[in-house]
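The values are calculated or read from the model by the stated rules, or taken from the named source; none is laboratory data. Because the structure is a prediction, the values reported are computed rather than measured. All Cβ positions, even for glycine, are placed from backbone atoms using ideal geometry, and neighbour counts span all protein chains on display. Only protein heavy atoms, including side chains, enter the accessible area calculation; ligands, DNA and RNA are left aside. Shrake-Rupley method; radii C 1.70, N 1.55, O 1.52, S 1.80 Å.
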Amino acid sequence: MLTGEAPFINEQFFADRIPPDQLDTLLANGWRHFGTHFFRYSYGFYELDVRRVIPLRVRLADFSLSKSQRRTLRRNSDLETIIRAIEITHDVEVLFDRHKRRFKSGVPESVYDFLSLKPSDEPCEAKEVAVYENDRLVAVSYFDAGAISNSGIYAMFDPVASSKRLGIFTMLKEIELSIAEGKEFYYQGYSYEGSSFYDYKKQFCGSEAFDWSGKWESFRAQTRNLASGEGHE
């Protein structure tokens, strides 16, 4: 059952090059992209339901680590973490194939479902967080670099190491870098109203949600409004 009201939006376009300041503007208006395909939609299918889509971002000035996130960082302090231009290697492709087995539906075919053929430069500057354990690649995530924001694209990890919470770990490393660079926002991407596979994106202090009418609100405040059916005018 849908609660609250949001305008129905379903838009897309393709672009080979987006400058950093324009990327910031797109992100601030609920846009996402995989490779050169840019899109935004306010409602989507999740399992058997039509759900309201919730774009999320962290206002970095308000961010702080939770106890669980501190534990995740400590648990993985022995791992080697490298932030660099995106490199699609054989090890990455092997890791992708292992990681995609976690999906029950909508299983991606290739890492290029999410990245362009020139992922470091097209359609915008992007980097990766690569995580190694004893020289073995165990996780990698990709993120865009805007002028005032960074935005997560996709992350994968070895399912054998699920207990290490490496998906959360790479997000925390992206946030850490964003703060060090003086960025204002970190975009987690889309989640859904109600419980879903993507609820891990909701667990970051300082999170804001886009209301699809041009405003970003405290995520806690918006979820209260949604529950009362007063999310939008």
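A few notes on this one:
- Spacing of the modelled spin labels on residue 78 and residue 21, each 7 Å from Cα toward Cβ, amounts to 4.8 nm.
- Alpha-carbon centroid distance for the pair region 149-176 / region 197-216, whole angstrom: 17
- Solvent-accessible heavy-atom area per residue, rounded to whole Å², over region 1-47 at 1.4 Å: 60
- Shape class of region 1-112 from the alpha-carbon gyration tensor: rounded, with the ratio a/c of largest to smallest axis under 1.5.
- Modelled label positions at residue 34 and residue 70, each set 7 Å beyond Cα in the direction of Cβ, lie 3.8 nm from each other.
- Spin-label zone in region 22-52 - amide nitrogen under 20 Å from a point set 7 Å from the Cα of residue 102 along the C-beta vector: 33-35, 46-47
- Label-to-label distance, nm, for residues given as residue 217 and residue 41 (7 Å Cα→Cβ offset): 2.4
- Cα gyration tensor shape for region 49-204, rounded if a/c is under 1.5, else prolate or oblate: rounded
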